[in-house]
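The values are calculated or read from the model by the stated rules, or taken from the named source; none is laboratory data. Note that the structure is a prediction, hence the values are computed from the model and not measured. Here the Cβ is made from the backbone with ideal geometry for all residues, glycine too, and neighbour counts use every protein chain on show. Ligands, DNA and RNA are stripped out before the accessible areas are found, and what is left, the full protein with its side chains, is counted by its heavy atoms. Shrake-Rupley method; radii C 1.70, N 1.55, O 1.52, S 1.80 Å.
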Amino acid sequence: MNPSEVLHNHRLKSTSCREGIVEVMLQASRALSEAEIKTILGNRHDRTTFYRSFKTLIKKEVIHQIVIDKNEVRYALNLPGIHQHEHVHFHCSSCNQVFCVEPVSEATMTLPSGFDVSETEIMLKGKCNHCKS
């Protein structure tokens, strides 16, 4: 999938900045901070254009926010078939990278009668395969 297709699938107009952000995230094997995305893009877009585009991608659920220990935020693409909060994140305590993991189903959880799940956030912590070796 390329950036234009991702934006089209979310019914968003393609702009060079939106495409650039999505391209960076498509090429990343992990969740990235806003600063990392901006650094990789370089000075191709002014600050205002970048932040407006970035906020639009969040609002339209093209990307999702991952909060680590209530003080650090990373972002990842919403992949086809995976809603924003229906998958697990893994945070490596050694290299500080965050990875999206396979979807989790509420069917595996037992809730009290009458409870209704609106979203699921699960963060696993440990060492990634690179740091473990």
For the chain, with all protein chains present and a 1.4 Å probe, just round the carbon and sulfur fraction of the accessible area to a whole percent. 48 percent
Please list THR15, THR39, THR120 from largest to smallest accessible area, probe radius 1.4 Å, with all protein chains kept in place. THR39, THR15, THR120
Out of the range 23-55, which GluC sites (Glu not before Pro) are coil in DSSP terms and have no more than 16 other C-beta atoms within 10 Å? none
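To check you understand DSSP bridge types, tell me what percent of the beta bridges within the chain (both residues inside) are antiparallel, rounded to 5. Spell out each step's value before the answer.
Numbers: 12 of 17 bridges.
Taking every DSSP beta bridge with both residues in the chain, the antiparallel ones total about 70 percent.
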Compute the convex hull volume of the Cα atoms of the chain, divide it by the residue count, and report the result per residue in Å³ as a whole number. 138 Å³
Under 5 Å between amide H atoms, partner at least 5 residues away or on a different chain: which partners does ASN96 have, H built in plane at 1.01 Å? none
Need the full-extension length gain, ARG52 to SER33, defined as separation in residues times 0.36 nm minus the C-alpha distance. One decimal, nm. 5.2 nm
Value of [θ]222 nm, deg cm²/dmol, for the chain, DSSP H segments ≥ 4, -39500 (n - 2.57) each, nearest 500: -9500 deg cm²/dmol
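Just to be sure I follow the definition: excluding the sites themselves, where is the longest run in the chain that has none of the trypsin sites (Lys or Arg not before Pro) in a DSSP loop with at most 12 other Cβ atoms within 10 Å? Can you show the working numbers first?
Values: sites that count: ARG11, LYS13, ARG44, LYS70.
Longest gap between qualifying sites, sites excluded: 71-133.
At 1.4 Å probe size, with every protein chain present, just tell me what the per residue accessible area of the chain comes to in Å². Could you put the intermediate results ahead of the total?
Values: 8640 Å² over 133 residues.
Here the residues of the chain average 65 Å² of exposed surface.
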For the chain, the longest principal axis of the Cα atoms and the Cα long axis of helix 16-27 enclose an angle in degrees, to the nearest 10, of 40 degrees
Pairs of alpha-carbon atoms within less than 8 angstrom and 6+ residues apart define the contacts here; what relative contact order does the range 1-50 have, in percent? 33 percent
Expressed in square angstrom to the nearest 10, the accessible area of THR110 with a 1.4 Å probe stands at 140 Å²
